[in-house]
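Remarks on the structure that follows.
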């Protein structure tokens, strides 16, 4: 048996299985093209928004919403076109209420993320490109907002990790936006010296070292912040360009100040233990002395 595909003409008859499949392929193609057109439209609007009037995060979120609506419309129209599917849908209307309850219970987390995502878009506590600080299951995370989807937000940390957080997690806790007002960040560098060291000289060394660092925009000071058990604690305070510069500045200062303190003879206190070893004879003498005292 030979099938001549060149002479094959699709019937698109919704009453036959072949026609229903043909219509399915056709609607699938229409859906793909429609979603592509929606994406291109949003991309065109963003590329031509030279004044920055369109919020990038809102546009990305709305693009996904519109694409989902387009697919739902096409699937609904396809189901109405095929008589078998239309009759099946009518027959299932009686069980919609039960199914909706079951689906609602099973999708509580997903719906919560969706509602939280809409809340983030409406109130906009952060935008794409902002650096935020948030408590994740892995601990305190600081990163740049790369994307906000219907259910999740993706951050890029300074060490190039991608942290994906659910929108409900972000909405239900206190989040620190490090760039909402001003990108500058104050770097706080702890400096500890011994009680016998010269506080003024230690402060002078810390300030000199900070002023020589290229990331230091403004050196505020280095006051004494705590009289600790075995140390005098100071805090070097310096304004940096952003959070990334501040992190690098802090690490450099810890090393540079340690080297300067060693060269200047300024003590950096550290915990130590005295271990006293006693011989058996000493232990026996001590026990005899304890018995006599009693």
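All of the numbers you see were taken from the coordinates with simple rules; none came from a lab. As the structure is a computational prediction, the values presented were derived from the model and not from experiment. As a convention, Cβ positions derive from the backbone with ideal geometry for all residues, glycine included, and neighbour counts pool all protein chains shown.
Cβ-Cβ distance of residue 110 and residue 276, R₀ of 45 Å, FRET efficiency by 1/(1 + (r/R0)^6): the value works out to about 0.10. Using the Cβ-Cβ distance between residue 241 and residue 195 with R0 set to 35 Å, the FRET efficiency works out to roughly 0.45.
Gain on full extension, evaluated as 0.36 nm per residue between residue 18 and residue 62 minus their Cα-Cα distance, stands at 12.2 nm.
By definition, a body whose alpha carbon gyration tensor gives a ≥ b ≥ c is rounded when a/c is under 1.5, and the range 123-177 falls into this rounded group. Normalised by the number of residues in the range 123-177, the mean separation of alpha-carbon contacts (under 8 Å, six or more apart) gives a relative contact order of 31 percent. Could you tell me which of rounded, prolate or oblate describes the range 166-237, using a ≥ b ≥ c as the square roots of the eigenvalues of the alpha-carbon gyration tensor, with rounded for a/c under 1.5 and, failing that, prolate when a/b is larger than b/c and oblate otherwise? Judged from the Cα gyration tensor, the range 166-237 comes out oblate (a/c at least 1.5, b/c at or above a/b).
Over the range 185-264, calculate the relative contact order: mean separation of alpha carbon pairs under 8 Å at least 6 apart, over the residue count, as a percent. Worked out over the range 185-264, it gives 41 percent.
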